[in-house]
Amino acid sequence: PASAAAVPAAPAQAGGADSKTGLPVASSQVLSGVRKTIATAMSTSRREIPEATVWVDVDVTKLLKLRSKIKEAEGQAPSVMALISRFAVAGLRRFPELNSRIEAEADGGLRHTILEGVNLGFAAQTDRGLVVPNVRNAHKLNAKELSAEFARLATVAREGKAGVADLSGSTFTINNYGVFDVDGSAAIINYPEAAILGLGRIIEKPWVVNGKIKVRSICEMTLSFDHRVCDGGTAAGFMRYVADAMTDPKTALASL
């Protein structure tokens, strides 16, 4: 009967056969909790944000040397991600469109809100999945303070003790996927933000310096951005500012 045909088949249980492929089912469960929240956020981002991606390979040889000198002199040094984040926050002051969000109005219009100050989100892998803690008022912190906050919040997130304030309210996100030993990725924007900066692994490559081939430490950096808030020129300008600061960190830090 027609009514019976309208009833969907019960999902196969682990150990049973998958009705669509005929293959054995390893596991099957309805998403819930953090995994459901992540899935919903990613779907919303892809559905609502028309994103574009730009990328650049960056010579970070001098940045690594500077960090080593700081560690040698002081016994500890900010993480590489914290140093790059300092440059990114400075870049957002120059290109504030990337530190913003677009939201739908009740009448169907779109409101573009640009923020003063940065709550800096960063992707952290936990046993419960990927979460994005954020450093509140990151624009007020130096590289050492940013490094300490990254470490503290990552620990809190992995222990499952992060509060709502820790996991919401970010205005711009950095994703260091280099820790997974990959070179690059076009990351999904952390909705409702306007952009996400991605950092790949740092590896040694032959690089042309002043007309000569040398071995340098190279990092691929990507920026996925909401094309509604700015055009490619703005995104490229931000990327060039951050990349140049990473290449010549002493000069950049002196002007911050």
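A few comments on the model shown:
- Restricting the range 107-127 to residues that are surrounded by 14 or more Cβ atoms within 10 Å (Cβ to Cβ) and modelled with pLDDT under 95, the residue that is nearest to the chain's Cα centre (by Cα): Ala123
- Residue that is modelled with pLDDT of 95 or more and either under 25 Å from Ala82 (Cβ atoms) or exposed (fewer than 15 other Cβ atoms within 10 Å of the Cβ) (or both), where the choices are Val229, Val215: Val215
- Meets criteria (in contact (Cβ under 8 Å) with a residue 24 or more places away in the chain, among the basic types (Lys, Arg) and surrounded by fewer than 21 Cβ atoms within 10 Å (Cβ to Cβ)) for Arg158: yes
- For the range 116-134, a tally of residues being over 21 Å from Leu253 (Cβ atoms), touching a strand residue (DSSP E or B) at 6+ places or on another chain (Cβ under 6 Å) and in contact (Cβ under 8 Å) with a residue 40 or more places away in the chain returns 5.
- Criterion applied to Arg94, Arg67, Arg86, Arg101 was being of a type in the set (Lys, Arg), modelled with pLDDT of 95 or more and over 30 Å from Asp248 (Cβ atoms), and the one residue passing it is Arg101.
- Residues of the range 128-167 satisfying the condition of being β-branched (Val, Ile, Thr) and more than 15 Å from the chain's Cα centre (by Cα): Thr155, Val156, Val164
- Exclusive hit being under 18 Å from the mean Cα position of the chain (by Cα), assigned to a strand (DSSP E or B) and buried (at least 19 other Cβ atoms within 10 Å of the Cβ), set Val58, Val89, Val54: Val58
- Tabulated pairs, the range 177-204, first without any contact (Cβ under 8 Å) to a residue 60 or more places away in the chain and under 15 Å from Ala235 (Cα atoms), second assigned to a loop (DSSP other than H, G, I, E, B) and among the charged types (D, E, K, R), C-beta under 8 angstrom, 6+ apart or interchain: none
The values are calculated or read from the model by the stated rules, or taken from the named source; none is laboratory data. Owing to the predicted nature of the structure, the values given are computational and were not obtained by experimental measurement. Every residue, glycine as well, gets a Cβ built from its backbone with ideal geometry; the counts of neighbours run over all protein chains shown.
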